[in-house]
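The values are calculated or read from the model by the stated rules, or taken from the named source; none is laboratory data. Note that the structure is a prediction, hence the values are computed from the model and not measured. In this analysis, Cβ positions are derived from the backbone assuming ideal geometry, glycine residues included, and neighbour counts consider all displayed protein chains. For accessibility, only protein heavy atoms count, side chains too; no ligands or nucleic acids. Shrake-Rupley method; radii C 1.70, N 1.55, O 1.52, S 1.80 Å.
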Amino acid sequence: MAGNGNNLPRFVNMGDILIGNGEERFSTVLGSCIAIMMYDSSKKMGAMAHILLPQRRTIGDDNIGKYADVAIPEMIEQLVKKGCAIRKIWAKLAGGAAMFNASSSFLIGEKNLVAAREVLEKKSVPVLATHCGGTKGRRALFYPGSGKIIITINGEPEVEI
Amino acid sequence: MSGNHYVINSNSIKQLEIAFKQGATEAGNALTQWIGKPISVHLDSITPVPLGESMNLLGQPDEPVCCCIMHLEGAFRGRLALAFSDESGMALSEMLTGIAGSNEWGELEKSAALESANILGCAFLNAMVQSAASKDIATVLPSPPSFHRDYAMSLLQGLFLEQAMIADRVLFVRTQFFMKGKALVWHLLFIPDTLES
């Protein structure tokens with residue numbers, strides 16, 4: 001599933017940000033992490049990030065795709081560089097589950113979601129849909145050329161958001 | 001160890017290695033008694049790896065796997081997880097219950113897996129506490145194991161989250177299981193909560 005072959009979606013690992021269009025497909029698997037998907041319908045171009053935590057720990061940490069507060073501005077910047085207009089970009093979010101309730105960090109998924117929403121609001125990017133929370137993992141499949149997003153929870157029917 | 005922060009260095013890894021070798025022996029003995037077949041448990045690796053690489057530990061990221069997880073509290077916080085595929089879990093259940101042909105995770109199958117994880121985990125922790133090299137973890141308090149079946153990467157994100165909050169590498173201890181010389185597709189992972197490089 002996770003490959004770069006012609007028929008396979010490109011896998012978006014934790015901390016990755018991918019930009020694409022045309023017939024490309026991006027996929028990822030989420031627990032407490034959040035997938036941020038952005039799309040500009042006028043350019044038919046999209047971006048997907050897989051963030052792990054709400055805020056960057058230290059300025060020196062250059063793995064900016066891991067953190068909501070810096071990954072989102074980076075996604076917007078990359079899309080704008082490719083010719084997208086910021087006012088035409090929308091976002092959809094998936095993930096942020098509380099995988100193990102007994103864990104002291106079980107709220108991190110919710111914190112990720114709150115942080116992502118705050119940064120998107122600050123950047124005036126509307127959030128059109130979310131598929132977040134709960135206690136189960138998710139698989140997200142994103143078509144950056146059309147904005148289509150398919151979410152699957154293990155054992156349940158897939159849904160489009 | 002420094003407070004709740006596990007420090008990665010050659011000395012701390014050596015300490016874990018001693019403790020877990022002892023734990024593996026004890027766990028093998030306990031599992032042999034529980035299942036009624038000779039099973040040996042071997043320490044496979046104690047390795048700090050980049051977070052991204054750790055997501056392939058249990059196979060393909062979107063492959064559903066089962067995990068029985070014990071949360072550890074006390075002086076040494078973290079998680080102990082027994083992970084296995086559906087097929088391996090059902091085989092374990094069949095060995096314990098004598099009921100063949102089951103292919104769904106009902107209460108009986110989950111109970112067999114949880115009890116196995118409990119016996120295995122407690123044997124490991126007892127051996128670690130008794131290990132001369134790990135006196136400072138004598139107050140480890142394990143929770144009862146909980147059963148989860150989900151995508152491998154979703155489960156691993158939950159297991160490694162505490163470490164990922166403060167480090168780019170994660171530390172885990174992995175073991176292998178053998179029955180009559182044949183490798184079983186079970187993984188016992190031990191993941192300390194927090195870590196400093």
Considering only residues that are outside any strand (DSSP E or B) and either out of contact with any helix residue (DSSP H, G or I) (no Cβ under 9 Å at 6 or more places or on another chain) or of a type in the set (D, E, K, R) (or both), look in segment B:64-95 and name the one that is most open to solvent (accessible area, probe 1.4 Å). B:87
Subset of segment A:130-149 (residues that are open to solvent by 20 Å² or more (accessible area, probe 1.4 Å), modelled with pLDDT of 95 or more and within 13 Å of chain B (Cβ to nearest Cβ)): A:139, A:141
Return yes or no: is residue B:174 closer than 18 Å to residue B:56 by Cα and within 14 Å of another protein chain (Cβ to nearest Cβ)? no
Considering only residues that are part of a loop (DSSP other than H, G, I, E, B) and within 7 Å of another protein chain (Cβ to nearest Cβ), look in segment B:139-165 and name the one that is nearest to residue B:126 (Cα to Cα). B:143
Selection within segment A:31-86 - among the small types (Gly, Ala, Ser), away from chain B (no Cβ under 11 Å) and within 21 Å of residue B:157 (Cα to Cα): A:35, A:49, A:68, A:71
Cβ pairs under 8 Å, 6+ apart or interchain, first in segment B:110-121 and farther than 19 Å from residue B:99 by Cβ, second open to solvent by 40 Å² or more (accessible area, probe 1.4 Å) and assigned to a helix (DSSP H, G or I), ordered by first then second residue, are B:119/B:34
Residue set A:76, A:89, A:64; condition of a type in the set (Val, Ile, Thr) and surrounded by 23 or more Cβ atoms within 10 Å (Cβ to Cβ); output residue A:89
Within segment B:111-132, is even one residue part of a strand (DSSP E or B), at pLDDT below 85 and open to solvent by less than 20 Å² (accessible area, probe 1.4 Å)? no
Check on residue B:38, open to solvent by 10 Å² or more (accessible area, probe 1.4 Å) and either modelled with pLDDT of 85 or more or at the interface with chain A (Cβ under 10 Å from one of its Cβ atoms) (or both): yes
